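K.L.:
I have a structure here, written as structure tokens, and I will follow up with some questions on it.
The values are calculated or read from the model by the stated rules, or taken from the named source; none is laboratory data. Keep in mind that what you see is a predicted model, and the values were worked out from it rather than measured. So basically every Cβ, Gly included, is an ideal-geometry build from the backbone, and we count neighbours across all protein chains shown.
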Amino acid sequence: MRAFARIAAEADGRGGTRLTTLRGESPLLLRRTGGRSGGGVTVHLVGGAAGPLRGDDLRLEVAVGPGAHLTVRSVAAQLALPGRPAPASRLVIHAEVAGILHWLPEPLIAAAGCDHVTSTVVEVAEGGELLWRDDLVCGRHAEPPGDVRLETTIRYAGRTLYRHDLTVGRHAGGWDGAAVLGDGRAAGTVVAVPGLPKGVGGALTASSGAALMPLAGPGVLATAVGPDIRHVRAALDPLCEPAPPPAIPHPTTDRPTADRPTADRPTADRPTADRAA
């Protein structure tokens, strides 16, 4: 299967963002969701078919103009499946960012027997802002992972800021060794340029499975590895999602018990079970 999708966003001249292009083909279907928040728009990626499967050739382009703010999410995890004997399935993502782009999809799950490559290139113009997240789950419950390769390159003002290549599966020697994932079966990364956005929920607590590191340029990298995706989310979600609003205390409406009649206190005119009527 071949599919192409494109999102283009630009400033509307009134402090907001408008979508000039929203085009998708199954399985890369795009839907604008939610209302306007802070001048930005949100688009969800909807899987219109199973996969990716072996032999699929998928391409997604994203363009964010100056002054525009775009958030891209997905409605569910992406499940890479084996399919028929064919070349590896391939998803190519290319993004050009002059405004603000938050890329926050659900995880990619490498099902047993799959063979998949995701190749990502993000070009951030000087003054642009980026929050890019990738999560990977190595196999479904109680199964080994298939073969997956994630290639990511992020450039800022024409200069390479971040390049990462992660390969897992039975044809990737050493992926489950101490130098890569070790005992972990889920991994996630967050790249923020020029830094973490204001108003996120919290900070990452460094541990044996999570770290926050500055990049050699304007930006930071957060990475987490865990036995399942819950541990990865616990480490990275606070860096990507807005802080919850403070709880508003509600005044109690309880009255003192002395003012309230109780069920076990018979009143003078109420007959009891052992009182003759």
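Residue by residue, here is whether (1) closer than 18 Å to Glu241 by Cα; (2) touching a Lys or Arg at 6+ places or on another chain (Cβ under 9 Å); (3) among the polar types (S, T, N, Q) holds:
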position: Thr167; (1), (2), (3): no, yes, yes
position: Ala172; (1), (2), (3): no, yes, no
position: Ala178; (1), (2), (3): no, no, no
position: Gly199; (1), (2), (3): yes, no, no
position: Ala216; (1), (2), (3): no, no, no
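K.L.:
Now a separate question. Name every residue in segment 1-22 that is in a strand (DSSP E or B) and of a type outside the set (A, V, I, L, M), in order of residue number.
P.N.:
Listed by number, the residues that qualify are Arg2, Phe4, Arg6, Glu10, Thr17, Arg18, Thr20, Thr21.
Each row is one residue, and each column tells you yes or no for (1) part of a loop (DSSP other than H, G, I, E, B); (2) buried (at least 21 other Cβ atoms within 10 Å of the Cβ); (3) at pLDDT 95 or above.
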{"position": "Ser119", "(1), (2), (3)": "no, no, yes"}
{"position": "Val122", "(1), (2), (3)": "no, yes, yes"}
{"position": "Pro144", "(1), (2), (3)": "yes, no, no"}
{"position": "Val148", "(1), (2), (3)": "no, yes, yes"}
{"position": "Thr153", "(1), (2), (3)": "no, no, yes"}
{"position": "Asp165", "(1), (2), (3)": "no, no, yes"}
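K.L.:
Another question about this same structure. For the list (1) more than 24 Å from Leu131 (Cβ to Cβ); (2) in contact (Cβ under 8 Å) with a residue 40 or more places away in the chain; (3) out of contact with any Leu (no Cβ under 6 Å at 6 or more places or on another chain), I need the number of the one condition that Gly65 fails.
P.N.:
Of (1) more than 24 Å from Leu131 (Cβ to Cβ); (2) in contact (Cβ under 8 Å) with a residue 40 or more places away in the chain; (3) out of contact with any Leu (no Cβ under 6 Å at 6 or more places or on another chain), only one is false for Gly65: (1).
K.L.:
Looking at segment 58-90 only, could you name the residues that are more than 23 Å from the chain's Cα centre (by Cα) and not small (Gly, Ala, Ser)?
P.N.:
Result: Pro66, Pro82, Arg84, Pro85, Pro87.
K.L.:
Would you check if there is a residue in segment 45-53 being at pLDDT 90 or above and touching an Asp or Glu at 6+ places or on another chain (Cβ under 6 Å)? Before the answer, list the steps.
P.N.:
Filtering segment 45-53 for residues at pLDDT 90 or above gives 45-46, 52-53.
From what is left, the residues that are touching an Asp or Glu at 6+ places or on another chain (Cβ under 6 Å) are none.
Among the residues of segment 45-53, not one is at pLDDT 90 or above and touching an Asp or Glu at 6+ places or on another chain (Cβ under 6 Å), which makes the answer no.
K.L.:
How about segment 89-114: which of its residues are within 24 Å of Gly169 (Cα to Cα) and in a strand (DSSP E or B)?
P.N.:
Result: Ser89, Arg90, Leu91, Val92, Ile93, Leu108, Ile109, Ala110.
K.L.:
Still on this structure, please answer the following. Which members of segment 183-199 meet the condition of being without any contact (Cβ under 8 Å) to a residue 60 or more places away in the chain and either exposed (fewer than 13 other Cβ atoms within 10 Å of the Cβ) or closer than 19 Å to Glu143 by Cβ (or both)?
P.N.:
Asp183, Gly184, Arg185, Ala187, Lys198, Gly199
K.L.:
Please find, among Ala203, Ala179, the residue that is in contact (Cβ under 8 Å) with a residue 24 or more places away in the chain and surrounded by fewer than 21 Cβ atoms within 10 Å (Cβ to Cβ). Don't jump to the end; show me each part of the working.
P.N.:
Values: Ala179 fails: in contact (Cβ under 8 Å) with a residue 24 or more places away in the chain.
Residue meeting the stated conditions: Ala203.
K.L.:
Let me ask something else about it. For segment 23-57, how many residues meet the condition of being farther than 17 Å from Val122 by Cβ, assigned to a strand (DSSP E or B) and under 20 Å from the mean Cα position of the chain (by Cα)?
P.N.:
So the answer is 16.
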